[in-house]
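Since the structure comes first, as structure tokens, the remarks are kept for the end.
Computed from the coordinates by the stated procedures, all read-outs in this text should not be read as laboratory data. Note that the coordinates shown come from a computational prediction; the quantities given were computed from them, not determined experimentally. FYI the Cβ positions are ideal-geometry reconstructions off the backbone, even for glycines, and counts take in every protein chain you see.
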Amino acid sequence: MRKVWNGILEFWRRGDLVLLFLCVVTTLFGIVIITSVTNYSGSSRNVIVQVVALLLGVALYVAVSLLDIEVLAEHRQLLLIFNVIFLSMILIWGVEDNTGNRAWLDLPMMPVYIQPAELCKVTFVICLAKTMSINRNRLSSVKSVGSILFQALLMIGLIMVLSKDAGSAIVFLFIFLVMAYVGGVRAWWFAVGILLAALAFPLLWKYFVQDYQKQRILMFFDPSIDPNGTHIRWDTNRSVAMLSGGGISGQGLFHGSMVQSHAIAAQHTDFIFSAIGEELGILGCLFTLLLLVAIVVRCVHVGLKTPNYMNRLICIGIASFLIFQILINVGMCIGVFPVVGLTLPFVSSGGSSIITLYLAMGLVSGIHMRPDPDSKSPYIQPRY
């Protein structure tokens, strides 16, 4: 008990309380919205799960802040094996939705579903950052690029084959690209990657993109696809209508005409930004984005301040998947991106998502607590 108390005191003195405050405020705001958008059902299950996830998340934030990330990163091979095993559990306990995706685990004795890709994002960032740190003096060599590319393709491949969750797969790809660029991989590697991706696109489109996913993408270019908006365009049209119905200040919590009539099935997850738009208006949307941007900026700020190359990459990697999910989710709600099933961080309903986010933020807080001098890497992008 004494060690626990000493750890809490150390966190209180040195932990990133600013980041914790921003995360808790954003999550509490999300809980208020979830309470409103699930009011139609008469059930408080989603709210209870979110509150419990917040409490567990805060405890995890403190615990991970006290953990030396270098010790964890030294076992990157075990983390990679963990990712493979965790994702492979989909074969046994995977739950399939109406689109054929098996992104969730229904584990025995667990009261809620778990999304393995959420936790694997964090361990993937650690593995990638440690590998790049070891090879930073020859980061653009074939061996080094091949090593980090293998890790990225392994995760993306497992997700696409086992769960068919294209949204999560794209997040991993974005994390890889941002960390590789920020870490200092030479630009010509990206040119080669773009060329190879262009050559492989017809094959990927034919064999890895499902028919409904193709329709969601092609509808932006082909008006003949679902012209009446009763199938592929339904959710997008409903989402845009929600947003436009809120005006400047919204219709009020528990008073949104479309929200309270359950106009979209995923209004507490994928389309929660649209629900905010109807009930709290443009001002509510701006407030939501302000909170999320503040969290991202804080992660980047901690990364820029630490002189340790690996820690800097971890902060940037975590910030990158936050940025990507925010951009895609908001773009999906306003109708400029296809629906890919990515939630709004800290706001959307989802216990495993909240817990994973606080775990990731705890890593950033731990880096804030222990700035490790590293004279060999004074910049984000090393000099050559």
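Overview of values
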| read-out | value |
| --- | --- |
| Local electrostatic count, Ser163, Cβ distance below 14 Å [Lys/Arg +1, Asp/Glu -1] | -2 |
| Debye, to nearest 20: dipole size of the chain, +1 on Lys, Arg Cβ, -1 on Asp, Glu Cβ | 1200 debye |
| Choice from Lys130, Lys206, Lys214 showing the highest fluctuation, given a GNM over the chain with Cα pairs closer than 10 Å | Lys206 |
| Sum of side-chain charges, His255 neighbourhood, beta-carbon under 13 Å (Lys, Arg +1; Asp, Glu -1) | -2 |
| Sites Val112 and Lys206, calculated FRET efficiency, Cβ-Cβ separation with R0 35 Å, nearest 0.05 | 0.45 |
| Relative contact order of the chain, pairs being alpha-carbon contacts under 8 Å that are 6 or more residues apart, as % | 28 percent |
| Label-point gap, in nm, between Thr230 and Ala191 - each point 7 angstrom along Cα→Cβ | 5.2 nm |
| Virtual spin-label span in nm between Ala198 and Arg13, 7 Å along Cα→Cβ | 5.8 nm |
| Cβ-defined net charge surrounding Val300, 15 Å radius [Lys, Arg +1; Asp, Glu -1] | +2 |
| Efficiency of FRET between Leu28 and Leu177 - r from beta-carbon atoms, R0 30 angstrom, step 0.05 | 0.35 |
| Top positive-direction residue, dipole computed over the stretch 172-310 with Cβ charges, set Gly245, Met258, Leu204 | Leu204 |
| Calculated from backbone phi, Karplus (6.51, -1.76, 1.60) coupling profile of the stretch 340-352 in Hz, x at Gly/Pro | 10, x, 9, 7, 8, x, 6, 9, 5, 5, x, x, 5 |
| Sequence ranges 303-315, 174-186, ranked by mean other-Cβ count within 10 angstrom, highest first | 303-315, 174-186 |
| Size of electric dipole in the stretch 207-311: Cβ of Lys, Arg +1 and of Asp, Glu -1, about Cα centre, debye, nearest 20 | 360 debye |
| Linear extension gain, Gln215 paired with Phe150, 0.36 nm per residue minus alpha-carbon span | 20.4 nm |
| Centroid-to-centroid separation of the stretch 325-356 and the stretch 81-120 [C-alpha atoms, Å] | 19 Å |
| Förster-model FRET efficiency, 45 Å R0, Val142 and Lys305, C-beta, rounded to 0.05 | 0.85 |
